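The block underneath contains the structure these notes are about, expressed in structure tokens.
The values are calculated or read from the model by the stated rules, or taken from the named source; none is laboratory data. In this text, all values refer to a predicted model and were calculated from it rather than measured experimentally. Here Cβ is always computed from backbone atoms with ideal geometry, including for glycine, and neighbour counts include all displayed protein chains.
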Amino acid sequence: MTLDVQRMRAIQSARDFLRGLLDPAKTQRVPSKIREEARRILKHYPEPYWIDDKLPKESCELREEDAGFCGKERKSHRDEL
């Protein structure tokens, strides 16, 4: 059974992976079409504050150590695009 904590970590990891694809310093040999696709996906990717609104309160209490959810991070990735 997948827990909310595991789902949130997967979402956060996927966001970090996509952001990494946009950074040529981190991913030097990524084709431009892949970078464009990552940018397109991130444009509509859920922000941590949006996810917070969808989670049961108990999930946030279990995940206090997880930055990026339950109101701990409000920075928009759109600023980076």
Checklist entry - Here are some residues: Leu3, Leu18. Which one is modelled with pLDDT of 75 or more and within 11 Å of the chain's Cα centre (by Cα)? => result Leu18
Checklist entry - When both residues are 6+ apart or on different chains and their Cβ atoms are under 6 Å apart, which pairs have a first residue that lies in the range 14-31 and is part of a loop (DSSP other than H, G, I, E, B), and a second that is at pLDDT 95 or above and not hydroxyl-bearing (Ser, Thr, Tyr)? => result Lys26/Gly20; Thr27/Gly20; Thr27/Leu21; Val30/Leu21
Next on the checklist: Being hydrophobic (A, V, I, L, M, F, W, C), modelled with pLDDT under 80, surrounded by 15 or more Cβ atoms within 10 Å (Cβ to Cβ) and closer than 16 Å to Ser13 by Cα is the filter here; which residues of the range 33-69 pass it?
Outcome noted: Ile51, Phe69
